[in-house]
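Heads up: the structure comes next, in structure tokens.
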Amino acid sequence: MTQTPDILRIRPDDYDPEDMPVERARRFIVERLEPVADTERLPILQSLDRVLAADVISPMNVPGHDNSAMDGYVLRHADLATSGATTLEVVGTAYAGKPFARDIGAGQCVRIMTGAPIPAACDCVVMQENVIAAGGRATVGPGHRVGQNIRRAGEDLAQGGTALAAGRLLRPSDLGLLASLGIGEVEVRRKLRVAIFSTGDELVPVGQPLGDGQVHDSNRYSLHGLLARLGCEVLDLGLVRDDPAALEAALREAASRADAVITSGGVSVGEADFTRQVMARLGTVLFWKIAMKPGRPLAYGEIGGAQFFGLPGNPVSVMVTFYQFVRDALLRLQGRSSEPLPTFVVRCVAPLKKAPGRTEFQRGVLHLEGGEWVVAPTGEQGSGILSSMSRANCFIVLEQARGRVDAGESVSVQPFDGII
């Protein structure tokens, strides 16, 4: 059903669709989103990199019993002399998986292996390197304490406690944890479906020859890689020419099949930039420009039940806007716990051009220099220089009010290598 935009109904007091500051735009998008509701149960070996839909409650204590943290001798602390050495009778050996069933009397101890249950009445394990053993006896020096080298039942996980919280992206260590609890299946949210297509008569598919003024479509490949890394199901609708009817048909199809729709190109003010106009007929456009560089023309809205992200056409701008806005939105839709890009301050080893008035995300290489983490720009920062993203491993984030940066000044960086 065609929706009429109603910006006045939803906008915050400081809403400005022509010049939305970066942080405000991030919050504005994420606060409107709810995770997909559909879930499925999967065997744990199929659940890697899926998002937990419900808390996993521990059905048992982990460990299930008090046990030894190392190889040594287990004894009653009260039998040790307050000063000087104590010699005890060794009455057996306790093994992991084989509890020592006999009673241990005064002046006695038991040889114990790592993981073996602590025998009744014992409350201290002395590591074997601190014991002199000979002829069925063990001599222990002073300085030991009650409870040393003992792992208590439930100290890792308590029965009835939350082992893994909903919203967690399951990692290899989590699969091991689930297995240790005897849990063979978990409930996860279904994969997010994201439709993508590129717009522009100048674009040519990979594998076809280029004509005058034409370029290969690289944006869908970058987006496909970013979405695959986020665990999304990608619906690639290919290239759409600069024609309002074709664009409308593509948007309708994408919205009917996906939870989110991402396009590249067609959102600026050129005569052939139709995405924003068509979106205004099909759904709601909430804003279309961000006070940032690169990536100022960014349209965000809704088509039916799908979220819409109209990214710029320049290759670098596509990736910058994805990292800064789309990534967080998709994590929210997936039901994942908040995972902002890590940001910290380092010294910049080269000067940077910057005019106040908008936030800039320049591409940089974060590296060690003389034992100190520093950052250097990748060179030319044009939004069409895709090689700058390929060489970079971080964004140099230059705040809206900041101007030129001199070599040696501190800057904020956001590493992205390995984040997606």
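Only the coordinates and a few stated rules stand behind these numbers; no lab work does. As the structure is a prediction and not an experimental result, all values here were calculated from the model. Don't worry about glycine lacking a Cβ; one is built from the backbone with ideal geometry, like all the others, and counts go over all protein chains shown.
Evaluating 6.51 cos²θ - 1.76 cosθ + 1.60 at θ = phi - 60° for every residue in the range 192-209, the Karplus couplings come out as 6, 9, 10, 9, 10, 7, 10, 10, x, 5, 7, 8, 10, x, 4, x, 9, x Hz, glycine and proline recorded as x. Residue ranges 73-81, 22-30 sort as 73-81, 22-30 when ordered by packing (mean number of other C-beta atoms within 10 Å per residue, highest first). P(r) tail for the range 344-415: Cα pairs beyond 15 Å make up 49% of the total.
I'd like the antiparallel share, as a percent to the nearest 5, of DSSP beta bridges with both residues in the chain. Around 70 percent of the beta bridges assigned by DSSP in the chain are antiparallel ones.
Ordered by the count of other Cβ atoms within 10 Å of each Cβ, fewest first, S388, S68 give S388, S68. Direction-averaged projected area, Cα convex hull, the range 38-93: 8.1 nm², rounded to one decimal.
Take each peptide in 237-245, 104-112, count the other Cβ atoms within 10 Å of every residue, and average; sorted highest first, the result is 104-112, 237-245. One Cα centroid belongs to the range 135-212, the other to the range 316-330; the line between them spans 25 Å. In terms of the mean number of neighbouring beta-carbon atoms within 10 Å, the peptides 216-225, 367-376 order highest first as 216-225, 367-376.
Taking the number of Cβ atoms within 10 Å of each Cβ as an exposure proxy, the fewest-first ranking of D328, D236 is D236, D328. Close amide-amide hydrogen proximity is noted between Q108 and E89, each under 5 Å apart and 5 or more residues distant or on a separate chain (H modeled in the peptide plane; Pro and chain starts excluded). Positive-end ranking of M127, T93, A81 along the dipole of the range 80-165, with charges on Cβ about the Cα centre, is headed by T93. Put in line by how crowded their Cβ is, counting other Cβ atoms within 10 Å and starting with the fewest, D174, D212, D103, D201 read D212, D103, D201, D174. In the list [x] 223; [y] 233; [z] 148, the label attached to volume of the Cα convex hull per residue in Å³ as derived from the coordinates here is [x]. Summing +1 for each Lys or Arg and -1 for each Asp or Glu among the other residues whose beta-carbon sits under 9 angstrom from that of D201 gives -2. Pairwise inverse Cα distances across the range 67-151, averaged and inverted, put the Kirkwood hydrodynamic radius at 12.3 Å. Local charge for S218 was computed over the other residues whose Cβ lies under 15 Å away, with Lys and Arg +1 and Asp and Glu -1, and equals -2. Between beta-carbons, use under 11 Å as the cut-off and find the net charge around A94, counting Lys and Arg +1, Asp and Glu -1. Within the 11 Å Cβ shell, the charges total +2. Straight-distance candidates among the aspartates and glutamates for linking to K98, with alpha-carbon spacing under 17 Å and chain neighbours fewer than 8 residues away dropped: D66, D71.
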